[in-house]
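Q: This is the structure I have questions about; it appears just below.
Computed from the coordinates by the stated procedures, all read-outs in this text should not be read as laboratory data. Since the structure is predicted, the reported quantities are computational estimates derived from the model, not experimental observations. Note: ideal-geometry Cβ built from the backbone for every residue, glycine included; neighbour counts use all protein chains shown.
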Amino acid sequence: MKLADLASRQLTYEPRGCTQDGPLPAGYQPLEVERRLGAGDAAYRRACESLMTYGPQRGLGLRPQATAARAAVGVEVLSRLVVLGVPCRIVWAVETAERTGFGYGTLEGHIESGEEGFLIERRGDEVYAVVRAYTRPGGWLTRLGGPVTWRLQRVAALGYLRALQRAVREDG
């Protein structure tokens, strides 16, 4: 699987964009985890910069390749999970003084079907990272894995949060 091949692939799920604001849809395995990263403008800026340049994915060892250096709607992202290619397309992105993040959805060839969203939020002076997802099996491997697959997704989400926490601390 090559990054250049992703433009012709279709998203594999509906509805789209629910990890940004809406309730997570029925028929999928929901996931939502969050962690306080710090406080103040500098912590917010560092967390946002790491997030929007795929820092959490790199921190988890996924070696992401993307069609743009910064997350934006329409950007294709190909990560590697051991030997598996993990193809996604960014379906929403937001960058404001209070909330920054993006969500990407699975493309044909992904082992799951659904969406994963990543947000940095300011709550007063506090800075939080949030990972929201809704997925279901996209192939035989994840159908066979069932609960193990969902557990691994939760472990990965917590790993994303730790990577963001490290980025805030290392730059501070």
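Q: Helix 147-171: angle to the longest alpha-carbon principal axis of the chain, degrees 0 to 90, nearest 10?
A: 30 degrees
Q: While we're on this one: Label Met1 and Val73 with points 7 Å out from Cα along Cα→Cβ: what is the distance between them in nm?
A: 2.5 nm
Q: Roughly speaking, what is the stretch gain from Gln10 to Arg80, that is 0.36 nm per residue apart minus the C-alpha to C-alpha distance, in nm to one decimal?
A: Result: 23.3 nm gained on full extension.
Q: Using only alpha carbons, build the gyration tensor for the range 30-172 and give me the equivalent ellipsoid semi-axes, biggest first, whole Å.
A: After scaling each eigenvalue by five and taking roots: 26, 16, 13 Å.
Q: Specify the angular offset, from 0 to 90 degrees and rounded to the nearest 10, of the alpha carbon long axis of helix 41-52 from the longest principal axis of the alpha carbons in the chain.
A: The angle comes out at about 20 degrees.
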